[in-house]
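K.L.:
Pasting in a structure now, in structure tokens, and then I'll have a few things to ask.
Quick note: the coordinates plus some simple rules give every number you see, no bench work behind them. These numbers were taken from a predicted model, which means no experiment stands behind them. Cβ placement follows ideal geometry from the backbone for every residue including glycine, while neighbour counts extend to all protein chains displayed.
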Amino acid sequence: MFCKNICTPTTDKTACRTNSDIKKLIKVLTVVLLFMSLEIWGHWYTNSLSLLADSMHLFVDILGFLVSLMALKWTKKTPNSTFSFGYYRMEILGALFSILFIWGTTGYLIIESYNRYVNPPKINGKIFFFISVIGFFVNIFCVYFLHEKNTAENSYHRNLNIRAAYVHVIGDMIQSIGVILASIITVLYPNFHIVDVFCTMIFSILVLSTTGLIIKDALLILLETTPKDVKIEDLKRDILSLENVHEIIDLHCWSISTNIKSITCHIFVSEILPWQYDSLLKKIKSLLKDVYGFDFSTVQFETQNTRINPTVFSIGGTTIFSPQNLKFYESQI
């Protein structure tokens with residue numbers, strides 16, 4: 001079984017989302033596989049090149065879904081000494097491979113549409129229409145299973161593999177409408193082949209443009225840019241508003257995947273008692289996790305003494321020297 005975990009209120013939200021995404025992809029994969037078999041039969045029965053071409057398109061879709069499915073499985077593996085953050089980046093790599101599959105298929109369809117324009121094949125319009133209608137309902141089924149409530153937050157945090165699959169089936173659904181219209185025209189006007197070529201070109205451009213946005217998000221994550229839902233200035237203001245915090249010396253935040261964020265910050269604070277450091281650290285950690293949603297956070301405190309000389313630090317008002325600095329200090333007395 002691909003997915004055994006049961007989600008409860010105490011279960012990790014990322015793991016639950018991954019399990020849900022895996023189930024969705026398995027359902028979509030099953031339906032697409034069955035429809036591809038129908039199209040191969042349709043090609044054998046009607047000798048229609050268009051049905052064979054579309055079945056090849058679906059075959060590449062299936063490969064893309066399998067890559068996405070395996071990528072989601074890898075993200076569930078626990079971290080180890082080599083992959084200390086786990087395998088969350090497999091989501092990004094899987095999405096990129098899926099998009100490459102989609103682009104390869106789209107390129108093939110553009111070339112094939114030109115070949116059909118030059119050498120138009122003889123098509124059994126009635127069977128073509130029948131299978132194209134079934135294809136439309138298959139795509140509606142896939143869109144239904146991959147759909148989530150469309151909010152700005154959900155749009156960004158959705159797994160890139162699911163986004164890639166969703167955008168692709170949306171493109172296929174719109175394209176199937178064009179195919180139905182083309183099949184009707186083919187039945188009524190058997191020699192009017194240009195409509196099939198025109199629809200293929202239009203929807204190929206549509207698929208390329210929509211998947212380009214997913215490529216952009218994947219590359220931004222790989223380049224470790226600031227997460228889209230984090231406003232750095234607001235984050236700094238909230239940290240600086242805490243008592244005994246004077247300055248943020250250094251701050252870096254990035255996305256490990258669409259749902260996993262990490263941050264490191266270097267903060268200049270007052271000389272305070274040890275228990276006050278613990279209290280301040282808890283407040284900052286709570287702010288980073290509960291308000292800004294960071295899964296991994298590393299916070300380093302800096303005081304006046306350690307900022308002037310990195311080999312000196314203070315605890316409870318007592319200045320402590322490192323052995324190297326203490327030796328130098330004694331030599332100057």
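K.L.:
So what are the ³J(HN,Hα) numbers for segment 295-304, from phi and the Karplus equation (6.51, -1.76, 1.60; θ = phi - 60°), rounded to whole Hz, Gly and Pro as x?
P.N.:
Once θ is set to phi - 60°, the couplings for segment 295-304 become 8, 10, 9, 10, 10, 10, 8, 10, 10, 4 Hz.
K.L.:
Want the number for residue 298 to residue 192: 0.36 nm per residue separation, take away the alpha-carbon distance, what's left?
P.N.:
On the way: separation 106, 0.36 × 106 = 38.16 nm, distance 6.55 nm.
Contour length minus Cα-Cα distance gives 31.6 nm.
K.L.:
Of 238, 250, 61, how do they rank once you tally other Cβ atoms within 10 Å and put the fewest first? List each step's numbers first, then the result.
P.N.:
Working: 238 14, 250 11, 61 25.
The fewest-first ordering by Cβ neighbours comes to 250, 238, 61.
K.L.:
Between residue 219 and residue 144, what length comes free when the chain is fully extended (0.36 nm per residue of separation minus the Cα-Cα distance, one decimal in nm)? The partial results should precede the final answer.
P.N.:
Values: separation 75, 0.36 × 75 = 27.00 nm, distance 2.79 nm.
Stretched out fully, the residue 219 to residue 144 stretch lengthens by 24.2 nm.
K.L.:
Given a Förster distance of 35 angstrom, what is the FRET efficiency for residue 45 paired with residue 209, based on the Cβ-Cβ distance and rounded to 0.05?
P.N.:
Values: r = 35 Å, r/R0 = 1.00.
FRET efficiency, residue 45 to residue 209: 0.50.
K.L.:
Turning to a different aspect of this structure: With a point put 7 Å past each Cα toward its Cβ, work out how far residue 34 is from residue 130 in nm, to one decimal.
P.N.:
It works out to 1.8 nm between the two label points.
K.L.:
Ok, one more. Return 84, 297, 279 ranked ascending by Cβ neighbour count within 10 Å, so the fewest neighbours appear first. Each step should come with its number before you reach the end.
P.N.:
Working: 84 8, 297 17, 279 13.
With the fewest neighbours first, 84, 297, 279 line up as 84, 279, 297.
K.L.:
Once label points are set 7 Å from the Cα along Cα→Cβ at both residue 264 and residue 73, what is their separation, rounded to one decimal in nm?
P.N.:
It works out to 3.4 nm between the two label points.
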